[in-house]
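These notes concern the structure reproduced below.
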Protein chains: 2
Amino acid sequence: MPRKKVTSIDVAKLAGVSQPTVSRALDPGSPVSPETRARVLAIASELGYTPNVIARSLKSQSTNIIGIVMSNLASSFFSNNVLEQFAHQLQALGKQLLLFSAPPDRPVDEILPQVLGYQVDALIITSSTPGQAIIDECARIGTPVILFNRFAPGTQANVVGCDNEEGGRQVANVLLDAGHQRIAYMAGTSGTASNLMREKGFMDQLKTRGYVECMRENGFYSYEAGRTAARSLLDRDDPPDAIFCAADVMALGALDVARYELGIQVPEDLSIIGFDDIPLASWPAYNLTTIHQPINRMISAALELVTYNEDDFPIRQITLLPGELVIRGSARIA
Amino acid sequence: MPRKKVTSIDVAKLAGVSQPTVSRALDPGSPVSPETRARVLAIASELGYTPNVIARSLKSQSTNIIGIVMSNLASSFFSNNVLEQFAHQLQALGKQLLLFSAPPDRPVDEILPQVLGYQVDALIITSSTPGQAIIDECARIGTPVILFNRFAPGTQANVVGCDNEEGGRQVANVLLDAGHQRIAYMAGTSGTASNLMREKGFMDQLKTRGYVECMRENGFYSYEAGRTAARSLLDRDDPPDAIFCAADVMALGALDVARYELGIQVPEDLSIIGFDDIPLASWPAYNLTTIHQPINRMISAALELVTYNEDDFPIRQITLLPGELVIRGSARIA
DNA sequence: TTGAAAGCGCTAACAT
DNA sequence: ATGTTAGCGCTTTCAA
């Protein structure tokens with residue numbers, strides 16, 4: 001038995017037809033006589049023939065492959081949900097995901113040329129923001145780029161995300177409304193648009209309402225970073241009575257440090273609010289008050305951009321969907 | 001500006017060389033005069049030329065794409081770690097991951113032909129076990145298949161996994177050693193090899209040591225299923241004083257139900273032991289005693305199979321790496 | 001309805 | 001060291 005894939009030529013020979021006829025028989029839209037089609041399909045299935053998608057792509061200039069660039073897959077507890085949703089929805093459309101895991105310390109631009117080499121039909125980027133050059137190149141060759149929860153000021157890329165800035169403002173409001181006096185912001189991975197916008201909305205709104213001396217601690221989107229940042233904040237002489245964490249996973253770290261390392265009562269002595277509403281946030285061990293990202297609607301919006309017609313291409317779209325405060329038990333608020 | 005990818009022909013024209021020379025200039029191993037190579041590379045980078053991997057694959061019969069089939073990406077808290085590791089390691093080898101998310105309720109065999117259509121160089125399967133026909137087909141065309149923590153009795157596929165059976169035995173031993181009287185097994189997703197083997201090792205060892213009346217509850221690899229199963233077990237007239245959960249994520253659900261719904265002291269009144277050692281297991285809110293899966297070594301072993309030489313193909317390999325009991329605070333054991 | 005022919009962009013064999 | 005030629009497996013004109 002030869003180590004060889006079955007090709008349409010093999011099927012054609014056995015069926016006594018030409019090779020293109022095999023192609024047509026497999027394409028429901030093509031005109032083939034019912035008998036021929038039946039015979040070809042029978043032989044194809046008998047031989048276990050599967051069309052070579054690579055060859056088809058070369059000819060048809062469309063791979064049905066969507067490139068997705070992520071980082072934090074293991075640590076954020078948010079990306080994995082996003083990824084699974086994308087995978088399911090795209091598979092239903094007959095499209096596949098080519099996954100690129102971006103090291104958080106290196107610019108995406110280094111791996112994007114590689115991704116484009118695979119002739120992906122679209123590119124979803126959920127890690128850091130790519131440079132202008134790459135985005136221009138994608139526009140030139142007609143490859144849609146969707147920044148998912150990433151914002152690239154001044155570029156032509158499409159953006160789908162949660163309205164992070166408004167989310168930050170909401171948190172500022174509820175904390176001030178509840179009478180918190182010493183408020184802190186625990187930042188996420190620096191340079192990410194999500195962190196920038198959440199911080200901006202939060203800080204701006206605090207200032208607007210006359211609260212200016214907000215504490216701040218650098219962080220990173222991970223549980224451990226949340227723990228570290230929480231220690232810094234809570235060891236101060238004037239520790240905060242409320243912390244807004246840029247992501248749920250950091251908030252969980254902060255909660256654990258407060259409760260199990262420092263013996264601080266949450267929410268009695270300290271309010272903690274997160275952002276994302278990951279599944280863990282609702283578990284009773286945490287019961288985290290947070291801003292819910294409308295992930296289903298965000299995915300749907302992204303998918304529309306993935307599949308839009310090339311003619312629509314030059315239209316740049318920015319879709320920011322509102323988050324929603326989910327009140328649980330980690331914050332003393334009205 | 002034309003909506004068209006730059007091809008090697010474009011580069012060739014501008015450089016005043018033939019198209020194959022462009023190919024050679026980009027391949028460090030090919031003989032090209034230094035001056036020519038420099039000129040070609042300069043022009044290529046100026047035009048933003050990226051080789052078309054699809055075309056290359058068609059010719060070279062190797063795509064550098066590895067197919068990976070997963071389910072539970074969002075819910076298990078284990079798969080996402082596996083996936084990220086694979087992605088990183090494979091990228092370092094210049095290979096990419098084509099991700100297929102398998103619906104848990106449908107057989108993998110339905111999507112595998114589709115995967116093979118992409119001419120993947122290897123196939124990693126971490127969801128359910130594929131049928132014999134597909135595995136034979138892969139063997140015939142020389143595509144390595146690696147079952148990751150899945151076991152297909154009687155097939156020729158390669159297997160890499162944790163020694164689940166031995167892990168189950170270890171748990172049986174420590175629970176009996178500590179004098180537990182009413183022991184229960186909380187099963188994972190039925191039909192998965194991991195669940196089968198863990199249960200077998202556990203039950204067999206209990207019996208060997210004279211304990212026969214082990215309770216049992218059906219479950220599924222998710223937090224919610226762990227909660228549901230825990231309620232069933234703990235609502236019994238003779239509730240268990242120890243539960244071995246087939247996966248950490250179920251154990252976390254069980255812990256939360258015990259503590260927050262039923263007010264049961266863990267580990268004083270109930271011992272809970274999991275399997276996997278996911279990151280959450282070490283968080284102080286859970287502090288779960290569990291069997292650690294040697295995920296790094298499992299990934300390495302799988303990667304060796306992914307990249308092995310075709311000549312080695314017929315050698316089937318089964319690699320079972322030992323897990324390790326990690327003693328934390330959720331079980332009253334010696 | 002079907003077959004013949006061309007070609008997607010690249011690599012590999014051969015020739016120079 | 002470089003150019004010429006062929007061909008990977010498929011889809012897509014174009015004829016018949």
Listed by first then second residue, the pairs whose first member lies in the range B:25-36 and is closer than 15 Å to B:Val11 by Cα, whose partner is more than 12 Å from DNA strand C (Cβ to nearest atom) and assigned to a helix (DSSP H, G or I), with beta carbons under 7 Å and at least 6 positions apart or on separate chains, are B:Ala25/B:Thr36; B:Ala25/B:Arg37; B:Ala25/B:Leu41
Inspect all residues belonging to the range A:192-211 and state whether any of them is more than 22 Å from A:Arg150 (Cβ to Cβ) and either in contact with a strand residue (DSSP E or B) (Cβ under 7 Å, 6 or more places away or on another chain) or surrounded by 23 or more Cβ atoms within 10 Å (Cβ to Cβ) (or both). yes
So, A:Ile66, is that one more than 9 Å from chain B (Cβ to nearest Cβ), in contact with a Lys or Arg (Cβ under 8 Å, 6 or more places away or on another chain) and at pLDDT 90 or above or not? yes
(1) more than 10 Å from chain B (Cβ to nearest Cβ); (2) assigned to a helix (DSSP H, G or I); (3) buried (at least 16 other Cβ atoms within 10 Å of the Cβ) all hold for A:Leu90 apart from (1)
Matching residues in the range A:10-26 (loosely packed, with under 12 Cβ neighbours inside 10 Å and away from DNA strand C (no atom under 11 Å from the Cβ)) number 0
Here, helices (runs of 4 or more DSSP H) confined to the range A:1-61 with at least 3 residues that are more than 8 Å from DNA strand D (Cβ to nearest atom) and outside the structural domain of A:Gly142 (by TED's automatic domain parsing) are A:8-15, A:34-47
If we keep only residues of the range A:94-109 that are more than 18 Å from B:Gly67 (Cβ to Cβ) and part of a loop (DSSP other than H, G, I, E, B), then the residue farthest from the other protein chains (Cβ to nearest Cβ) is A:Pro107
Note on the range B:118-136: residues buried (at least 20 other Cβ atoms within 10 Å of the Cβ) and either polar (S, T, N, Q) or outside any loop (DSSP other than H, G, I, E, B) (or both) are B:Gln119, B:Ala122, B:Leu123, B:Ile124, B:Ile125, B:Thr126, B:Ser127, B:Ser128, B:Thr129, B:Ile134, B:Ile135
Do we have A:Glu84 as within 14 Å of another protein chain (Cβ to nearest Cβ), of a type in the set (D, E, K, R) and under 15 Å from the mean Cα position of the chain (by Cα) here?
yes
Expected single match for away from DNA strand D (no atom under 16 Å from the Cβ), in contact with a helix residue (DSSP H, G or I) (Cβ under 9 Å, 6 or more places away or on another chain), touching a residue at least 12 places away in the same chain (Cβ under 8 Å) and closer than 28 Å to B:Asp121 by Cβ among A:Gly67, A:Gly94 is A:Gly67
Could you go through the range B:291-299 and let me know if any residue there is within 26 Å of A:Gly253 (Cα to Cα) and either within 11 Å of another protein chain (Cβ to nearest Cβ) or assigned to a helix (DSSP H, G or I) (or both).
yes
Filtering the range A:175-194 down to residues that are under 27 Å from the mean Cα position of the chain (by Cα) and either assigned to a loop (DSSP other than H, G, I, E, B) or at pLDDT 95 or above (or both) yields A:Ala184, A:Tyr185, A:Met186, A:Ala187, A:Gly188, A:Thr189, A:Ser190, A:Gly191, A:Thr192
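The values are calculated or read from the model by the stated rules, or taken from the named source; none is laboratory data. A quick note: this is a predicted structure, and the numbers were derived from the prediction, not measured. When we count neighbours, we look across all protein chains shown, and the Cβ atoms used for this are built from the backbone with ideal geometry, even at glycine.
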